[in-house]
Amino acid sequence: MAKNLMIQGTMSNAGKSLLVAGILRVLKQDGYRAAPFKSQNMALNSYITGEGLEMGRAQVMQAEAAGIEPQVCMNPILLKPTSDVGSQVIVNGEVKGNYSAAEYFKQKKALIPDIMAAYHKLEEQADIIVIEGAGSPAEINLKADDIVNMGMAKLADAPVLLVGDIDRGGVFAQLLGTVLLLEKEERERIKGFIINKFRGDAKLLEPGPSMLYEKCGIKTLGVMPYLNIQIDDEDSLSEQLVYRNEERSRNEERPIHIAVIKLPHISNFTDFNPLSQFPFVSLQYVERPEQLEREAVRISENDRGCADLIILPGSKNTIQDMKWLRESGMEAAILKQAARGSRIMGICGGYQMLGERIVDTSGVEGGGEIRGMGLLPVTTLFREEKQRSRITGIVCRMSPEESGQIQGQVRHKAECQAISSWQLLRDIPVSGYEIHMGESVYGRIENGERAIPFSILEDGREDGCVQGRVFGTYLHGIWENSEFAQKMMELLCADRGLSYETVTAEWETDDNPGISSYQAFKETQYDLLAEAVRKHLDMDKIYEIILKQ
C-alpha cells in the first residue's frame, strides 16, 4: 500500500496544484516514487495520453514534476464545462456524455468504483501518492455527495494539509472557518495549515499562526511566498494576466508582440506557455477589440502598424465563441489587423473559426451552422465522436516543384511571397496531440487562391491549412516543439526586418537566458518550486505525517 498525503484548499485557486507539484518534486529528489491523483477535475485544459485517453493538464504537470509519465488513472473524472450549467463528463479518459449539473450530481457516487480502481492502480506503482482536492471541503451544500475533498480523503484514508490564500485577504478566517464547518472526523484528518501566496516578511504574520493554533489545535507548517514560477496550471491564466499587467511597461519595449484572443470558452491556454522562453516576446491576452487596436498602436514603429502574430486558441464551444467574436467586434478587429499584415494562427477551435463555415448537424454544440472568419478555405463538420490521439508530423512538407505550382495558381504577387515565407518552416518535425469533435476539409476558393496543408502526419493524414499569412492546426502543444518555436520567431523577426540572433543576444539575461528547450525550461521551474517548498515548509513534519501511516 502506498503512503499518501492530501492537499485541500479553502477555495479555488488557493494554489493547491502548484503545492502538490512542489511536494512531488521534493519527493522525487529524495528518491521516492511519487505520483499525483485528483479524483475529479473541472477544467478546459486537457491532455491526451499515449493510449489516446483524455485527462486534466494539472495532473500532467504534476506527473512531470514527479518525473513520471502521465496516466489517466491520475485523474479518473474530468469535467469540461460546455455552458454555465453543464459539462462534458469524461471517465477514465473516455467521454461519458454531456450532463447538466443536476444530472451529474445525481450519479456522482456511482463513480466511486471508477475512482478507487484508478487509485488502486496508481498504488501499485508509487511509494507515495499526493492527492489534490478541489474548491473547498467546507462547501456544506455539496458535502453529502463529495468525492473529491473529505469524501476522497476518507476513501483513501489520507491525512490532509489545508491551504489558505493570503493574497486575497482573510487567510485566518479562511482556515479557521473551514475547520469549524467540518465534522469532527474530518477535522481530525487536518494535520497542518499552509499559508500561500504571501508577499512580504513572514514575521509580520505573528501572532496569527499561534492564535490559530490556540483556537483549533492545528499548527501552521509554513508560509509560501508569492512565486513567479512559469508552470502549467489549470488556474494559471488568471495568474498570467495579473503578471502580464504588472509587466506592461516592460512588455511595451519588446520587439515581437503576440496577442492571444481570450475567448469566453478558451481551452488549453497552456499551449502558449512556451512563449515565455523568448525574452524578446510580449505576450498579451486580449478580451476587447480596443485592446487589440492598442496592441497595434503601441508597436506603430512597425511599418504595418499591427501585431506580429494573433492567435485564436482552442475553444470548448466553437460556435458560441464565433458568435462572440462577431458580436463583440473582435472579428472585425482581427480582420483589420490581418489586412495590415499580421500573421494569424488558429489552434483547434481557433483553426475552425478561421474557416468559411462551421456546421453542426449532429447537435454536438446544440446544432446549427455559422459563418467563419473566411481567412482560410476550410469547412468544419462536427461529429459526435471525439478525435483523440498523440500525433507527429512534418510542417509544410512540399517539394520545390509543388511550391512553384502552388505559387503559380496564386493571383497576387504578395500572396505568392507570403506562401514562400512559410518555407522557413518546411520539413520541421512537430509532435503534440489532437482533441476535437470536428473534421475540417479545404480546397480552392472562388478567387483562385490555393491553400496548402500545415503539416503531413505520420499516418499520412493532412493537418491544418496555410494560406497567405494565415495558418491553422489541430496540434495542441505545438509551441513545445523547440525547433518549430524558434523558426516561428525567426519568421516573425524577419517580418520586422530584424535578425533573430541579434534580438536574442540583446534580450538574454541571467533571469531569462532564452532556454532553447521548453522541456529543459520546465525542469528548471520544477526545481525552483521544490527549492521554495524546502525553504518555506516544514518538510520534516510533512514527512512525519506521510510516513507514520
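The values are calculated or read from the model by the stated rules, or taken from the named source; none is laboratory data. All figures in this text were calculated on a predicted structure; none of them were measured in a lab. Cβ placement follows ideal geometry from the backbone for every residue including glycine, while neighbour counts extend to all protein chains displayed. Ligands, DNA and RNA are stripped out before the accessible areas are found, and what is left, the full protein with its side chains, is counted by its heavy atoms. Shrake-Rupley method; radii C 1.70, N 1.55, O 1.52, S 1.80 Å.
If you filter the range 39-61 down to residues that are in a loop (DSSP other than H, G, I, E, B) and not acidic (Asp, Glu), you find that the one that is modelled with the highest pLDDT is Ser39. Would you point out the residue of the range 68-87, among those that are in contact (Cβ under 8 Å) with a residue 24 or more places away in the chain and part of a strand (DSSP E or B), that is surrounded by the fewest Cβ atoms within 10 Å (Cβ to Cβ)? Out of the qualifying residues, it is Ser83.
For the range 180-196, the criterion of a residue being among the small types (Gly, Ala, Ser), open to solvent by 10 Å² or more (accessible area, probe 1.4 Å) and either on the phi < 0 side of the Ramachandran plot or in contact with a strand residue (DSSP E or B) (Cβ under 6 Å, 6 or more places away or on another chain) (or both) is satisfied by no position.
Test Gly200 against the stated conditions and say whether it is open to solvent by 10 Å² or more (accessible area, probe 1.4 Å), among the small types (Gly, Ala, Ser) and at pLDDT below 90. Against the criterion (open to solvent by 10 Å² or more (accessible area, probe 1.4 Å), among the small types (Gly, Ala, Ser) and at pLDDT below 90), Gly200 qualifies.
Among the conditions (1) in a strand (DSSP E or B); (2) modelled with pLDDT of 85 or more; (3) hydrophobic (A, V, I, L, M, F, W, C), Val441 misses just one, which is (2). Determine, yes or no, whether Ala117 is modelled with pLDDT under 95 and out of contact with any Ser or Thr (no Cβ under 6 Å at 6 or more places or on another chain). No: the conditions fail for Ala117. Which numbered condition in (1) of a type in the set (A, V, I, L, M, F, W, C); (2) buried (at least 21 other Cβ atoms within 10 Å of the Cβ); (3) modelled with pLDDT under 90 is the only one that Ile456 fails? Ile456 satisfies all of (1) of a type in the set (A, V, I, L, M, F, W, C); (2) buried (at least 21 other Cβ atoms within 10 Å of the Cβ); (3) modelled with pLDDT under 90 except (2). The helices (runs of 4 or more DSSP H) falling completely within the range 253-357 that include 2 or more residues that are at pLDDT 90 or above map to 318-328, 330-340, 349-353. Among the residues of the range 481-495, just one is farther than 13 Å from Phe278 by Cβ, of a type outside the set (A, V, I, L, M) and open to solvent by 50 Å² or more (accessible area, probe 1.4 Å), namely Glu483. Yes or no: the range 72-90 includes at least one residue that is closer than 18 Å to Thr270 by Cβ, in contact with a helix residue (DSSP H, G or I) (Cβ under 9 Å, 6 or more places away or on another chain) and among the small types (Gly, Ala, Ser). No, the range 72-90 contains no residue that is closer than 18 Å to Thr270 by Cβ, in contact with a helix residue (DSSP H, G or I) (Cβ under 9 Å, 6 or more places away or on another chain) and among the small types (Gly, Ala, Ser). Out of the residues in the range 1-39 meeting the condition of being under 17 Å from the mean Cα position of the chain (by Cα), polar (S, T, N, Q) and open to solvent by 20 Å² or more (accessible area, probe 1.4 Å), tell me which one is nearest to Val533 (Cα to Cα). This residue is Asn13.
Taking residues in the range 280-293 that are closer than 21 Å to Glu331 by Cβ, and partners anywhere that are open to solvent by 10 Å² or more (accessible area, probe 1.4 Å), the pairs with Cβ atoms closer than 6 Å and at least 6 places apart or on different chains are Tyr285/Leu241; Tyr285/Lys262; Glu287/Lys262; Pro289/Gly329; Pro289/Ala333; Leu292/Ala333.
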